[in-house]
Amino acid sequence: MTKLPIGMLPRGLTRDQAAEYCGCETTDAFDDWVRRGIVPGPMIGTRRWDRKAIDRALDRRSGLLPPEAAGQSFEEWLAQQTD
């Protein structure tokens, strides 16, 4: 098995790594985030989570993505901001 260069993060994360990456204190808390749709589940056919998909989901959830990049209309985005 090869080692990644220093500073390069793996893209495919194990469940434990994904939970830690998200800042969840337990994998049960991370599983709850997945169930609630806060972050996506593992990539189809794997037991690995895509780090970039997690980033995008959290960016969308926190309002960092513009509405078009999040796949929604401005009106949908605005309604979420006023909830």
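The values are calculated or read from the model by the stated rules, or taken from the named source; none is laboratory data. Predicted, not measured: the structure shown is a model, and the values here were computed from it. With ideal geometry, Cβ positions are generated from the backbone for all residues, glycine too; neighbour counts draw on all protein chains shown. Keep in mind that these areas ignore ligands, DNA and RNA; they rest on the heavy atoms of the full protein, side chains included. Shrake-Rupley method; radii C 1.70, N 1.55, O 1.52, S 1.80 Å.
The set of residues in region 47-83 that are among the basic types (Lys, Arg) and either assigned to a helix (DSSP H, G or I) or modelled with pLDDT under 80 (or both) comprises Arg51, Lys52, Arg56, Arg60, Arg61. Of all residues in region 18-42, those satisfying the criterion of being touching a residue at least 24 places away in the same chain (Cβ under 8 Å) and either open to solvent by 40 Å² or more (accessible area, probe 1.4 Å) or among the β-branched types (Val, Ile, Thr) (or both) are Tyr21, Pro42. The single condition among (1) open to solvent by 70 Å² or more (accessible area, probe 1.4 Å); (2) touching a helix residue (DSSP H, G or I) at 6+ places or on another chain (Cβ under 9 Å); (3) closer than 20 Å to Arg61 by Cα that Arg48 does not meet is (3).
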